[in-house]
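The values are calculated or read from the model by the stated rules, or taken from the named source; none is laboratory data. Bear in mind the structure is a predicted one, so any value in this text is a computation, not a measurement. Note that each Cβ is placed from the backbone with ideal geometry, even for glycine, and that neighbours are counted across all protein chains shown. Ligands, DNA and RNA are stripped out before the accessible areas are found, and what is left, the full protein with its side chains, is counted by its heavy atoms. Shrake-Rupley method; radii C 1.70, N 1.55, O 1.52, S 1.80 Å.
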Number of protein chains: 2
Amino acid sequence: MSDDDIFRALGDPTRRAIFEKLAAGALNASALREGMAISQPAMSQHLAVLRNASLVRERRQGRYVNYEVDPDGLARIAGWLSRYRAYWPARIEALRDLLKDMDQ
Amino acid sequence: MSDDDIFRALGDPTRRAIFEKLAAGALNASALREGMAISQPAMSQHLAVLRNASLVRERRQGRYVNYEVDPDGLARIAGWLSRYRAYWPARIEALRDLLKDMDQ
DNA sequence: GCAATACATAAGCGAAGACTTATTTGATTC
DNA sequence: GAATCAAATAAGTCTTCGCTTATGTATTGC
């Protein structure tokens, strides 16, 4: 797990889509594939990359492997982003709107 | 400019290094290269990718081109991250405090 | 134990991407 | 306007990466 792993993992649009799907709720690898024109090995490989970046973690349940968002990876992105907060005031309105959205 | 452009741009460690250097203060392309074992065209290409992702913007000054962090890209990352607020409540509080500070 | 199911790993292929050298464009100075 | 310097673009090479097919490893149920 490193910034490198994280950003490289998110650099692929398919992996971001997988992550976003997981963010809506934990799923096993097969369920994740539904509606996602992607082969079983490809999904497995993507999950391995996300796992290695601490963006996702697995919990084996019987013969299924349940995947869920790992907050560690997200926290790390937040940490990276916070280093540039000096530039946020320039976009304060956008941030304010963002927070408003989050409130409801 | 899209999430795709942004994450793809940050997916490369050299580009992140360039961005981080710029975050410490605006620099022209030549100055950026200092201490960075990277050719002039390579730097130019990296800057083009970062620019296209709205992570960086240029301002031509004479025959130099000054580069600086573009808050738009950062705001967009913040936006992406905010969609997963459910997984990092503590960080949201920090952001809220930050905005409160900035208000006065 | 054996068949079936869920997932992971191996090996190889093709496309994308990060570099290189060479050249071009734009701006300054004499 | 010729020489010089900063940066961008072009074209080609080599590496990385995301995919494929094939096979291996767990786990379940008969």
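Sketch the reach of a paramagnetic label on B:Tyr64 as a point 7 Å from Cα along Cα-to-Cβ, and name the residues of region B:19-39 whose backbone nitrogen lies under 13 Å away.
Output list for this probe position: B:26-34.
Using amide H atoms built in the peptide plane, which far-off residues or other-chain residues are under 5 Å from A:Asn28 H to H?
Excluding prolines and chain starts, which carry no amide H, the hits are A:Tyr67.
Roughly how big is region A:3-103's charge dipole about its Cα centre, with Cβ charges of +1 (Lys, Arg) and -1 (Asp, Glu), in debye to the nearest 20?
The calculated dipole for region A:3-103 is roughly 180 debye.
Using a label position 7 Å from Cα in the Cα→Cβ direction, what is the ascending list of nm distances from B:Arg59 to the same site in the other copies?
Those label-point separations list as 5.1 nm.
Given the protein chains as shown and a 1.4 Å probe, how many square angstrom of A:Asp72 are accessible, to the nearest 10?
A:Asp72 has an accessible surface of roughly 90 Å² with all protein chains in place.
May I ask you to report, in nm to one decimal and beginning with the shortest, the distances from A:Ile38 to the same position in the other copies, taking label points 7 Å along Cα-to-Cβ?
2.9
I'd like the accessible area for B:Leu47: 1.4 Å probe, protein heavy atoms, all chains in place, Å² to the nearest 10.
In the full protein context, B:Leu47 sits at about 0 Å².
Could you pull the copy-to-copy label distances for B:Arg85, with points set 7 Å along Cα to Cβ, in nm to one decimal and sorted shortest first?
1.6
What is the Cα centroid distance between region B:27-47 and region A:1-35, reported in whole angstrom?
Cα centroid to Cα centroid, the span is 32 Å.
If you take the accessible area of A alone, add that of B alone, and subtract the area of the pair, what total do you get in Å², probe 1.4 Å, to the nearest 100?
It comes to approximately 3500 Å² buried between A and B.
Once you list every other residue whose beta carbon is under 14 Å from the beta carbon of B:Asn52, what net charge do they have if Lys and Arg are +1 and Asp and Glu are -1?
-2
May I ask you to work out the translational diffusion coefficient for region A:3-103 at 20 °C, viscosity 1.002 mPa s, via Stokes-Einstein with Rh from the Kirkwood sum over Cα pairs, reported in whole µm²/s?
Translational D for this selection: 143 µm²/s.
At a Förster distance of 25 Å, what's the computed FRET efficiency of B:Ala31 paired with B:Asp4, Cβ-Cβ distance as r, to 0.05?
For B:Ala31 and B:Asp4, the calculated efficiency is 0.25.
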